[in-house]
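S.K.: Could you have a look at this structure, given as structure tokens, before my questions?
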Amino acid sequence: MPGFANALVIVAVAAIVITRQFRARAIDTDRRWWLIPVILGVVALREPGILDGHHRMESAVLLVAELLVGLATGAGWAWTTRIWTEPDGVVWTKSTKASIAVWVVGIALRIGVFGIGHALGLHQDSAALMLGLAATLLVRGGILAWRAQPLGAVNRPAPAYGDDMRSVRRERA
């Protein structure tokens, strides 16, 4: 798939994912949450230009950095997503304001990785970005599926970051 087509796939998947994350939606831990990330990963790995032929070591290091950013973004996104169970037992998710911060930091880090590659004169293909997006979605889906499982007899999923924080008032002396 040419670079332009890869870029369109990346933009389309990111747009769908970002718009859906801020709407409450039911999740099913039995569904194949891993399928889209695996397809994206396979498409990315089939690209011949994922590594710069003239700078293999440097481009491999940047690819690893892109994957680490993707993994961290996916984990941060999953842990900042609110999960709750309705009385009928259906598990719902919705991203929080902290999820926006995770996305902003993740995009900034990806721009930084791209900037480093550009400064080093490396040819960077969109396949690396697609592989990073696949890692993000795979980690997020896995953590959400794990968090959505009932916790013991309470039958409640694990809280999101910040869910249990309550404002503390200072007592006057």
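The values are calculated or read from the model by the stated rules, or taken from the named source; none is laboratory data. Please read all numbers here as calculations on a predicted model, not as lab measurements. Glycine also receives a Cβ, built like all others from the backbone with ideal geometry; neighbour counts cover every protein chain displayed.
S.K.: Counting only residues that are touching a Leu at 6+ places or on another chain (Cβ under 6 Å) and more than 18 Å from Gln149 (Cα to Cα), how many does the range 66-112 have?
M.R.: 1
S.K.: Before we move on, is Val69 free of Cβ contacts under 8 Å to residues at least 60 places away in the same chain and under 14 Å from Ala135 (Cα atoms)?
M.R.: Judged against the criteria, Val69 is not a match.
S.K.: Would you please list the contacts, defined by Cβ atoms under 6 Å and residues six or more apart or on different chains, that run from a residue in the range 108-121 that is under 11 Å from Leu62 (Cβ atoms) to a residue that is among the polar types (S, T, N, Q)?
M.R.: Taking only residues 6 or more apart or on different chains, the pairs are Gly117/Gln124.
S.K.: Turning to a different aspect of this structure: Out of the residues in the range 134-165 that are closer than 19 Å to Thr80 by Cβ, of a type in the set (A, V, I, L, M) and modelled with pLDDT under 70, state the one that is surrounded by the most Cβ atoms within 10 Å (Cβ to Cβ).
M.R.: Result: Ala160.
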